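**Q** Have a look at this one.
Nothing in this text is a laboratory measurement; each read-out follows from the coordinates by a stated rule. Treat the numbers as computed from the prediction; the structure is a model and nothing was measured. Virtual Cβ from ideal backbone geometry, glycine too; neighbours counted across all protein chains shown.
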Amino acid sequence: MKIGVLHCGHVPEVIADTHGDFRAMFARLLDGHGFSLESYDVCDMEFPAGPELADGWLITGSLHGAYEDVPFIAPLEDLIRSIHVAKRPMVGICFGHQIIAQALGGRVEKFSGGWSVGRTEYRFDGHGDLALNAWHQDQVVERPEGARVVASSDFCENAALAYGDSILTVQPHPELDPFILGDFLRAKRDTVPVPADMMDAAEAALDQPTDEPVLARMIAGHFRGA
């Protein structure tokens, strides 16, 4: 099964040198599930010709906000709507979660409650509490019509959404295991406006277990129509 991965940003060079880019991270996350991945750098205006070029689609995180006036946003929203109409399975991660909601009629904004960084517990329908790594301030604050909540946290009401049987989106980052997140925290500590105590707490929690493999199985099952 071929999965088209729509890259909405590039990881910092210091992270890529050690852990690879988003291509490598998602290849590791989905390894063993029988997928082949084909990537498109949509942030650099590299778009597939249409939804039929892959059996399923995955949209990554980004340094941009879904509401920003940057060139790739509008054509990405058009592609999302085309994939949705074509009923190809689609998964959104962080920014991907947000841009899918926005493209389908929801609203995303910079959340007034601040940031969520590091290990966070989410209540998933049918799966109980899962601990996953977060890195975001933007949130989906209004769901599109027909979207249902499948996970939430005390900080993020719309932490995972499902749209019928074809779309699954999640706010946390299953591709960021504790090793990658640790390097990310150290690389970003002085360049992002995250409170220092929040960064310290995220770094202190790096040795606690997280549930990336569980979410990877959920994503794989979604792509296969489970």
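**Q** So which GluC sites (Glu not before Pro) in the stretch 137-175 are both in a DSSP loop and have at most 14 other Cβ atoms within 10 Å of their Cβ?
**A** Filter output for the stretch 137-175: GLU145, GLU157.
**Q** List VAL14, VAL150 from most exposed to least, where exposure is judged by having the fewest other Cβ atoms within 10 Å. It would help to have the intermediate numbers written out before the result.
**A** Numbers: VAL14 13, VAL150 20.
Sorted ascending by nearby Cβ count, the order is VAL14, VAL150.
**Q** Multiplying the sequence separation of ASP190 and ASP17 by 0.36 nm and subtracting their Cα-Cα distance, what value in nm do you get? Don't skip to the answer; put the middle values down first.
**A** Values: separation 173, 0.36 × 173 = 62.28 nm, distance 1.95 nm.
Here the segment from ASP190 to ASP17 would lengthen by 60.3 nm.
**Q** Quick one: what do you get for the chain if you divide its Cα Rg by 2.2 N^0.38 Å? Numbers along the way, then the final one.
**A** Values: Rg = 16.1 Å, N = 226, 2.2 N^0.38 = 17.3 Å.
So the chain has a normalised radius of gyration of 0.93.
**Q** Take the alpha carbon atoms of the stretch 159-224, find their center, do the same for the stretch 1-30, and report the distance between the two centers in whole angstrom.
**A** What the calculation gives is 14 Å, centre to centre.
**Q** Nearest 5 is fine: what % of DSSP beta bridges in the chain come out antiparallel, could you say?
**A** Details: 23 of 39 bridges.
Approximately 60 percent, going by the DSSP bridge assignments.
**Q** Quick one: compute the contact order of the chain, relative version, from alpha carbon pairs under 8 angstrom and 6+ residues apart, as a percent.
**A** 19 percent.
**Q** Would you please report the Å³ per residue occupied by the convex hull of the alpha carbon atoms in the stretch 5-64?
**A** 83 Å³
**Q** Using a 10 angstrom cutoff on alpha carbons, build the Gaussian network for the chain and name the most mobile of MET45, MET25, MET90.
**A** Of MET45, MET25, MET90, the most mobile in the Gaussian network model is MET45.
**Q** Okay, moving on. Going by how many other Cβ atoms sit within 10 Å of their own, how do TRP135, TRP57, TRP115 line up, fewest first?
**A** TRP115, TRP135, TRP57
**Q** Something else: Work out, step by step, the length gained on full extension between VAL85 and ARG107: first 0.36 nm times the residue separation, then minus their alpha carbon distance; give nm to one decimal.
**A** Residue separation times 0.36 nm, minus the Cα-Cα distance, leaves 5.9 nm.
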